[in-house]
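The values are calculated or read from the model by the stated rules, or taken from the named source; none is laboratory data. These numbers come from a predicted model, not from an experiment. Neighbour counts run over all protein chains shown; Cβ positions are idealised from the backbone, glycine included. Protein only, heavy atoms only, side chains kept; ligands, DNA and RNA dropped before computing areas. Shrake-Rupley method; radii C 1.70, N 1.55, O 1.52, S 1.80 Å.
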Amino acid sequence: MPQPRRRRGAPPQASLFSAVLAEPRPADVAGVLAAGGQVVRMGGTARVSVVVAQEWRVAALLAAFDERGLAGSRVPTVDDHVGVRTAFCAVLAPVAAGWLHGTVTRPPADFRTDGLALRLWAIAGGRRDSLGYLLSLPAAETAWQPLRLALRVAGFDAELLTSGPSLRVVGRAQLATLADVLGPAPAGADDHAWPA
């Protein structure tokens, strides 16, 4: 039986796990933490922050915070990088409770990721290299395997690169699925910022 033809110019149907189909929520900032961000507590509130190098990442993160009802701001850092952070708020206290272990930011043992958290992970620290797509990791080694497992549970078997550190997703099928799950590249993103 012949397959129905898609109309010319019609966009492909998004995956059910795609970031474009889900409702943004404050807990999605776990993706920023997966990319090496930090969380700090103050009383019954918490703030999430991350340092990025490109202006498009700043704009995309501030827009993502706004979509989740989180006030965001930019702060200068050394080496022409920019810090992007939320304001302290009570809604992020559960994120801090799960991710803050003493002074170390690392995922809770039961951490799982979805399209929205993955999108923020890619915005905060994703890029293509010659072999695949890299998702940056926190400096704390104790975070690496839990994040690799969370990515595997989400359907992506990634290679751990300890220099960087990062997780590399490879293979045409996995990269196509990842691109589908992440949704369209943010405005202004450079050519190597998003999976092809």
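In summary, Thr142 fulfils each of the numbered conditions (1) surrounded by 14 or more Cβ atoms within 10 Å (Cβ to Cβ); (2) among the β-branched types (Val, Ile, Thr); (3) under 20 Å from Ala109 (Cα atoms) with the single exception of condition (1). For the stretch 177-196, taking the residues that are assigned to a helix (DSSP H, G or I) and either free of Cβ contacts under 8 Å to residues at least 12 places away in the same chain or open to solvent by less than 40 Å² (accessible area, probe 1.4 Å) (or both), the one that is farthest from Pro146 (Cα to Cα) is identified as Ala179.
If I go through the stretch 72-91 residue by residue, how many of them are hydrophobic (A, V, I, L, M, F, W, C) and under 14 Å from Ala53 (Cα atoms)?
Here is the first cut: in the stretch 72-91, the residues hydrophobic (A, V, I, L, M, F, W, C) are 75, 78, 82, 84, 87-91.
After this cut, where a residue has to be under 14 Å from Ala53 (Cα atoms) as well, the list is 75, 78, 82, 84.
Adding up the residues that qualify gives 4.
Just checking, how many residues over the stretch 158-176 are closer than 14 Å to Gly125 by Cβ and part of a loop (DSSP other than H, G, I, E, B)?
Looking only at the stretch 158-176, we keep the residues that are closer than 14 Å to Gly125 by Cβ, and these are 158, 161, 164-169.
Next, from what is left, pick out any that are part of a loop (DSSP other than H, G, I, E, B): 158, 164-165.
The total comes to 3.
Residues that are among the acidic types (Asp, Glu), under 22 Å from Leu118 (Cα atoms) and more than 14 Å from the chain's Cα centre (by Cα): does the stretch 71-91 have at least one? No, that holds for no residue. When you check Val104 against the structure, is it surrounded by 16 or more Cβ atoms within 10 Å (Cβ to Cβ) and either modelled with pLDDT of 95 or more or β-branched (Val, Ile, Thr) (or both), yes or no? No, not satisfied.
Report the residue count in the stretch 107-126 for those that are crowded, with 18+ Cβ neighbours inside 10 Å and out of contact with any helix residue (DSSP H, G or I) (no Cβ under 7 Å at 6 or more places or on another chain).
Just the residues of the stretch 107-126 that are crowded, with 18+ Cβ neighbours inside 10 Å, to begin with: 107, 111, 113-126.
When the remaining residues are screened for being out of contact with any helix residue (DSSP H, G or I) (no Cβ under 7 Å at 6 or more places or on another chain), the result is 114, 125-126.
So the count comes out to 3.
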